[in-house]
């Protein structure tokens, strides 16, 4: 039963990736220098970051649904994101405060 469920999940992810790729969503959602808010970005936007594909983007959103990101470095807690991947996308992500202080 567990193997059947796992195969079904893998197939769903592969089919999603194929569909997104055929629609041109992955890799085209962002401009080359746009910076994303980790707590607001969609799966499509996240998947366009360097080193982040559909599966890692989904993992980021899953982590975010459990607890908002407080620091960019918390990306290292997401499965599949290590030092090398983090180094490649660190300058392309940020955290926007929920209630930014009033400007003076």
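Observations on the structure shown:
- Fewest-first ranking of 98, 43, using other Cβ atoms within 10 Å as the exposure measure: 98, 43
- Rounded to 0.05, the FRET efficiency of the residue 83 and residue 61 pair, given R0 = 22 Å and the Cβ-Cβ distance, is 0.55.
All of the numbers you see were taken from the coordinates with simple rules; none came from a lab. In this text the structure is predicted, and so the values were computed from the model without any measurement. Ideal geometry is used to build each Cβ from the backbone, glycine not excepted, and the neighbour counts take in all protein chains shown.
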